[in-house]
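Take a look at the structure below.
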Amino acid sequence: MTPTIYILNGPNLNTLGLREPEIYGSATLADVQTRCEAVGSEAGFEIVFRQSNHEGELVEWIHQARDAAAAIVINAGAYTHTSLAIHDALRFFGKPVVEVHISNIHSREEIRHKSLIAPIAAGIIVGLGPIGYELAITALKARLR
């Protein structure tokens, strides 16, 4: 049975490639998904890739992942800094979580410096652009084997 990794993306990530390209680059979310699926396949994972602008939908997907996934890669966007609900759902998930941010949240506005996901994440990748997702999959391959 092929292990599954859920890759969950929060608000505004559907605008990648258009929104603030000087911060987020020119890759679209579809580009990120294509690369994640390729890297995941090479690593022996099935990838479930999703994006929502709605906090409750992200929480529902995390709950689904509890029975369906071996790990979660999450870029919760702005919810990283505000959502206790996502924090609690990830804690309930109980398996490895890797937090990813395309930009370096620590070099941006002070409100972005605190992550509510970080205390339960197995690892955090920030500021490396979209390749951070690929690095998260590679790290999970080592962690899960």
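The values are calculated or read from the model by the stated rules, or taken from the named source; none is laboratory data. It should be emphasised that the depicted structure is a prediction, and the values quoted were computed from it without experimental measurement. Using ideal geometry, Cβ is built from the backbone for each residue, glycine included, and neighbour counts are taken over all protein chains shown.
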Within the set of pairs 6+ apart or on separate chains, which have a first residue in the range 27-55 that is of a type outside the set (A, V, I, L, M, F, W, C), a second that is surrounded by fewer than 16 Cβ atoms within 10 Å (Cβ to Cβ) and in a helix (DSSP H, G or I), and C-beta atoms under 7 Å apart? Glu55/Ala85
Could you run through the range 1-56 and say how many residues are within 13 Å of Ala71 (Cβ to Cβ), touching a helix residue (DSSP H, G or I) at 6+ places or on another chain (Cβ under 7 Å) and of a type in the set (A, V, I, L, M)? 5
Might you let me know whether the range 19-28 holds any residue that is at pLDDT 95 or above, within 20 Å of Arg91 (Cα to Cα) and surrounded by 13 or more Cβ atoms within 10 Å (Cβ to Cβ)? no
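Specify the residue that is farthest from Leu116 (Cα to Cα); the eligible residues are those in the range 1-53 that are in a loop (DSSP other than H, G, I, E, B) and small (Gly, Ala, Ser). Step through it out loud before you land on a result.
Residues of the range 1-53 in a loop (DSSP other than H, G, I, E, B): 1-3, 10-12, 16-20, 25-28, 44-45, 52-53.
After this cut, where a residue has to be small (Gly, Ala, Ser) as well, the list is 10, 17, 25-27, 44, 52.
Working: Gly10: 14, Gly17: 26, Gly25: 25, Ser26: 27, Ala27: 26, Gly44: 30, Ser52: 18 Å.
Going through the qualifying residues, I end up with Gly44.
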Residues located in the range 54-92, provided they are part of a helix (DSSP H, G or I), hydroxyl-bearing (Ser, Thr, Tyr) and out of contact with any Ser or Thr (no Cβ under 9 Å at 6 or more places or on another chain): Tyr79
